[in-house]
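Enquirer: Submitted below is the structure of interest, expressed as C-alpha cells.
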Amino acid sequence: MPRLSQWFIRAALLYLALGATIGGLILSHKGIPFYPLVWRLLPLHIEFLLFGWIVQLVMGVGFWIFPRFLRSRGNEKPAWLAFGLLNLGVWLAGAGPLLGLPPVVLFLGRLTEAGAVASFAIHIWPRIKPPGVKQL
C-alpha cells in the first residue's frame, strides 16, 4: 500500500474515533443532561465523520486502487496537497463554530475542503482511462 494511502486511511480512522467519541458524548447528554454546552460539539462531530472519516477514506482507497500506468501513480504532489488541505479544512470548518469564530472561518474551511477535492481530482484524472485501454 502506498505511503499516502496509509496516511489518508490512518487519519480517517483517527477522525472516526474522535467523531464517535464526540457523538457518544452528545448521545449520553440526551439521556442524562450533564453539560448543556455539549451540543456545541455537534458541528465538529458532523465534520469529523463526514469529511474527516468518509471523504478521507475514499481518497486514500482511491489513490491506492486506481490503475497505474507505466508502473507509476504519476505526480503525487497534488494528492499530498489534497491530504493537507482536507485536514486543514476539517479543522477550520469544525472548530470555527465551536469556538464562536466568525462565519468566514467556516467558509474558508469549506473552501479549503473544495480545494482538496479539486487537487485530488487533478491527480487522479490522468489515471482514468476508457475501457479497452491496456495497463502497462
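The values are calculated or read from the model by the stated rules, or taken from the named source; none is laboratory data. Small disclaimer: the values here were computed from a predicted structure and weren't measured. Cβ: placed from backbone, ideal geometry, glycine included. Neighbour counts: every protein chain shown.
Enquirer: Filtering region 1-43 down to residues that are among the hydroxyl-bearing types (Ser, Thr, Tyr) and exposed (fewer than 14 other Cβ atoms within 10 Å of the Cβ), which residue is nearest to Val61 (Cα to Cα)?
Expert: Checking each candidate, the answer is Thr21.
Enquirer: Among the candidates Ile128, Ile46, Ile54, which residue alone is farther than 23 Å from Leu18 by Cβ and either of a type outside the set (Asp, Glu) or surrounded by fewer than 16 Cβ atoms within 10 Å (Cβ to Cβ) (or both)?
Expert: Ile128
Enquirer: Look at Gly84 and say whether it is in contact with a Leu (Cβ under 8 Å, 6 or more places away or on another chain) and at pLDDT 90 or above.
Expert: no
Enquirer: Go through region 56-73 and count every residue that is part of a helix (DSSP H, G or I) and either in contact with an Asp or Glu (Cβ under 8 Å, 6 or more places away or on another chain) or aromatic (Phe, Trp, Tyr) (or both).
Expert: Number of matching residues: 2.
Enquirer: Then there is this: Scan region 97-125 for residues that are more than 19 Å from Pro78 (Cβ to Cβ) and either surrounded by 12 or more Cβ atoms within 10 Å (Cβ to Cβ) or hydroxyl-bearing (Ser, Thr, Tyr) (or both) and jot them down.
Expert: Within region 97-125, Pro97, Leu98, Leu101, Val105, Leu106, Phe107, Leu108, Gly109, Arg110 qualify.
Enquirer: Is region 15-28 home to any residue that is closer than 19 Å to Gly109 by Cα, part of a helix (DSSP H, G or I) and not aliphatic (A, V, I, L, M)?
Expert: yes
Enquirer: Another question about this same structure. Does Val90 satisfy being over 25 Å from Arg10 (Cα atoms) and either among the acidic types (Asp, Glu) or at pLDDT 90 or above (or both)?
Expert: No; evaluated as a whole, the condition is false for this residue.
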